[in-house]
Amino acid sequence: MRVISLFLAASICVVLGAGGMVLGSHDAQAQQAAATSPTDASHSPSSGLSQSDIAKMLPATDMGAHAARANNPHLAPVDDSQATPFDAASIPVNPLAPNADAVGAKTCVACHSQENVQASHSLHVGAFRAGAANSGPQAACESCHGPGSEHAKNPTAPGSIIAFTHDAKTSPQVQAGVCLSCHAGGARQHWIGSIHQNRGLSCTDCHNPMAKLSPEGVLAKSSINEVCATCHQDIRAKFNRRSHMPLPEGQIACTDCHNPHGSITKPLLKTDTVNETCYTCHAEKRGPFLFEHAPVRANCLNCHDVHGSNQQTLLVAPIPMLCQQCHTMTRHPNDLQSAAGLANGPHPDERLIGRGCLSCHSNIHGSNNPSGPKFHE
């Protein structure tokens, strides 16, 4: 019994000694961390950067316009700053009231109380009011509408203020110029000369900065597609056809393919060509292929109506009628196929039922197969 008691006492001593060593090691680590923490904080990666250094590292915004605006003879020159702060927003000149002076936002609100309530929550008015501490009380209203002294004297005089409506005397060029004084460059660098600019559209035909009608983009309607459909009713009707782009389902928008603010292409594509636009989603059709189909390489629109069609896969005509626009029946029975040979026609032909020509020539967009010239599978 004495031997067992001595053994138990020795075991307890060993356990307590090991626990003390563990606790001691933890205390030493804590003291070491406490001693080194101030040194680590003083050597943070950003401690050596000044505000000017950080400003130089930031990418340039499109609000200053940079060279795109400075080299444009249609726009007034501006400095090459990284961005135009709201407290430096200038008051545009009204060509129809060149001698007008700024009167301040309080004068405007005296008559336009309803507009003041509706626009107080908007991004533009809130930002201009925040910047009015340095640029003066005119920043909120007159930064867009121009000096208002002439308008205050005679509110019914046409053109006494820069107005953004179709029935106003202010020209669309002046209206767009006010917006471009801050929003030039970037996606709007091709606005001058674009089809929308040549048709006399102004920014407020699509945007409404005085009200929140859309989740983003201060649009005049609830979505981009609704804004575009205001004019492009024929295109909107195509989306109701049997085969259509997934735009009505909300999976894409008009601006996924088009830039409404202008581009180097006539249909305002976001890329240089139709095919490059299509390849954005249909990358498998890009190639390169050992054997290429000439009309496919030239333009996807040779075979597809991209907005909508009553044929399968947005085709402009049913197969094989589409293929017969270029191909005769070489090495095939020497007769042209017609709608009479379809499954519901008076003389059904097995060559037309199903996928037609594509039943054999399935790799119609291009092939890497040894039998590629015929685009077989």
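Of the residues that sit in the stretch 234-262 and are hydrophobic (A, V, I, L, M, F, W, C) and more than 22 Å from LEU201 (Cβ to Cβ), which one is surrounded by the fewest Cβ atoms within 10 Å (Cβ to Cβ)? Residue satisfying both the conditions and the ranking: ILE252. Of the residues screened, VAL125 is not one that is surrounded by fewer than 20 Cβ atoms within 10 Å (Cβ to Cβ) and of a type in the set (A, V, I, L, M, F, W, C).
This table checks each residue for (1) in contact with a Lys or Arg (Cβ under 8 Å, 6 or more places away or on another chain); (2) modelled with pLDDT of 85 or more.
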site: GLN325; (1), (2): no, yes
site: LEU342; (1), (2): no, no
site: ILE353; (1), (2): no, no
site: CYS357; (1), (2): no, no
site: HIS361; (1), (2): yes, yes
site: GLY366; (1), (2): yes, yes
site: GLY372; (1), (2): no, no
site: PHE375; (1), (2): no, no
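A residue that is at pLDDT 90 or above and closer than 24 Å to ILE264 by Cβ occurs somewhere in the stretch 215-225.
Please verify whether the stretch 263-273 includes one or more residues that are open to solvent by 50 Å² or more (accessible area, probe 1.4 Å) and assigned to a helix (DSSP H, G or I). No, that holds for no residue. For GLY250, the criteria (1) assigned to a loop (DSSP other than H, G, I, E, B); (2) touching a His at 6+ places or on another chain (Cβ under 7 Å) hold in every case but one, which is (2).
For every residue, the table says whether it meets (1) in contact (Cβ under 8 Å) with a residue 12 or more places away in the chain; (2) surrounded by fewer than 20 Cβ atoms within 10 Å (Cβ to Cβ); (3) outside any helix (DSSP H, G or I); (4) out of contact with any Cys (no Cβ under 6 Å at 6 or more places or on another chain).
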position	(1), (2), (3), (4)
GLU150	yes, no, no, yes
ILE161	yes, no, yes, yes
ASP167	no, yes, yes, yes
GLN175	yes, no, no, yes
VAL178	yes, no, no, no
SER181	yes, no, no, yes
TRP191	yes, no, yes, yes
GLN197	yes, yes, no, yes
LEU201	yes, yes, yes, yes
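Can ALA340 be described as out of contact with any helix residue (DSSP H, G or I) (no Cβ under 9 Å at 6 or more places or on another chain) and over 30 Å from THR255 (Cβ atoms)? Yes. Going through (1) modelled with pLDDT of 85 or more; (2) within 43 Å of the chain's Cα centre (by Cα) one by one, PRO346 falls short only on (2).
Screening CYS206 with (1) open to solvent by 40 Å² or more (accessible area, probe 1.4 Å); (2) out of contact with any helix residue (DSSP H, G or I) (no Cβ under 7 Å at 6 or more places or on another chain) gives one miss only, at (2). Within the stretch 222-233, residues that are touching a residue at least 12 places away in the same chain (Cβ under 8 Å) have Cβ atoms under 7 Å from residues that are surrounded by fewer than 18 Cβ atoms within 10 Å (Cβ to Cβ) and of a type in the set (Val, Ile, Thr) in these pairs: ILE224/THR255, counting only partners at least 6 apart in sequence or on another chain.
The values are calculated or read from the model by the stated rules, or taken from the named source; none is laboratory data. The structure displayed is predicted, hence computed values, not measured ones. As a convention, Cβ positions derive from the backbone with ideal geometry for all residues, glycine included, and neighbour counts pool all protein chains shown. For accessibility, only protein heavy atoms count, side chains too; no ligands or nucleic acids. Shrake-Rupley method; radii C 1.70, N 1.55, O 1.52, S 1.80 Å.
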